[in-house]
Amino acid sequence: MKKILLVDDEQGIHLLYREEFEEEGFEVHSALTGEEALEKMSIVGPDLVILDINMPGMNGIEVLRQMKEANPKLPVILSSAYHEYKQDLGAWASDDYIVKSADLEELKAAVRRHLS
């Protein structure tokens, strides 16, 4: 079973994504902060990370940088409610950039693409 690490400061996102991705057959692990995500990354050994950008404390761009330094081959999908972050040079290190939506099909397709 492939493992996804979901990093987002919104509890509602965790509940929705966990339910959706567990139905797809993935094991989902959660982190509410960037610092927690970096800790869980070494413990869980995820196959893919879904990472919010706008979080208190360490933002997603910094988390992405540290994750890619630790494991350059780890697929990281940035998921943000804001289109403008796509222009941030730091976001270019991600493997995909998905704008958050109530329709998770684009995100699910990106996850399947990176884990197939």
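Residues ASP52, ASP47, ASP96, ASP88: which one is among the acidic types (Asp, Glu) and at pLDDT 95 or above?
Exactly one residue qualifies, and that residue is ASP47.
State which residue is nearest to LYS2 (Cα to Cα) when the search covers only segment 39-80 and only residues that are of a type in the set (A, V, I, L, M, F, W, C) and assigned to a helix (DSSP H, G or I).
Once the filter is applied, the top-ranked residue is VAL44.
(1) more than 21 Å from VAL99 (Cα to Cα); (2) of a type outside the set (Ser, Thr, Tyr); (3) surrounded by fewer than 16 Cβ atoms within 10 Å (Cβ to Cβ): which one isn't true of VAL44, the others all being true?
(3)
Please find, within segment 3-40, the residue that is nearest to LEU78 (Cα to Cα) out of those that are crowded, with 16+ Cβ neighbours inside 10 Å and touching a Gly at 6+ places or on another chain (Cβ under 8 Å).
VAL7
The values are calculated or read from the model by the stated rules, or taken from the named source; none is laboratory data. Predicted, not measured: the structure shown is a model, and the values here were computed from it. Backbone-built Cβ (ideal geometry, glycine too); neighbour counts: all protein chains shown.
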